[in-house]
Amino acid sequence: MGEFVKAASASEIAPGQSRLVILNGKEIVLFNIDGEFFALDNACTHEEGPLAEGAVAGHEVTCPWHGAKFDIRTGEVLCDPAYEAVARHNVRVTGSDIEVEI
Ligand code: FES
């Protein structure tokens, strides 16, 4: 079990937006999907492309390097050239803080 650490304020990330944060030295991307927050590693499982720079459409993020898509809610890979899920992290909102388990 990891620990929950503050990653951002909920008001800093609008619906449909993402934000890169560094937590305990690790790059994590926060996403706001219709008011619900999710967190994935900022490293595509193909060649570690930066998912924080990927386009978000609904609950999908597209890697900016070669176009692999991932489900933001689960980390599951949706199309090649990636074949493995990206690590997701549990998220909770405490007051106005987004907290991520790492
Ligand atoms: S690094 Fe993401 S698709 Fe290649």
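For the reader, a short list of remarks on this structure follows.
- Boolean, Ser18 is among the polar types (S, T, N, Q) and surrounded by 20 or more Cβ atoms within 10 Å (Cβ to Cβ): yes
- Looking only at the range 22-54, and only at residues there that are near the ligand (Cβ under 8 Å from one of its atoms) and surrounded by fewer than 19 Cβ atoms within 10 Å (Cβ to Cβ), the one that is nearest to Glu76 (Cα to Cα): His46
- Here the range 70-84 is the region considered, the condition is being under 12 Å from the mean Cα position of the chain (by Cα) and without any contact (Cβ under 8 Å) to a residue 40 or more places away in the chain, and the residue that is farthest from Ile13 (Cα to Cα) is Glu76.
Here is a yes/no grid of residues against (1) at negative phi; (2) out of contact with any strand residue (DSSP E or B) (no Cβ under 7 Å at 6 or more places or on another chain); (3) among the polar types (S, T, N, Q):
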residue	(1), (2), (3)
Ala52	yes, no, no
Ala55	yes, no, no
Thr62	yes, no, yes
His66	yes, yes, no
Thr74	yes, no, yes
Tyr83	yes, no, no
Arg88	yes, no, no
Val93	yes, no, no
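Read the figures in this text as sums done on the coordinates, not as results from a lab. All values derive from a computational prediction rather than experimental measurement. Positions of Cβ are generated from backbone atoms using ideal geometry, with glycine treated the same way; all protein chains shown enter the neighbour counts.
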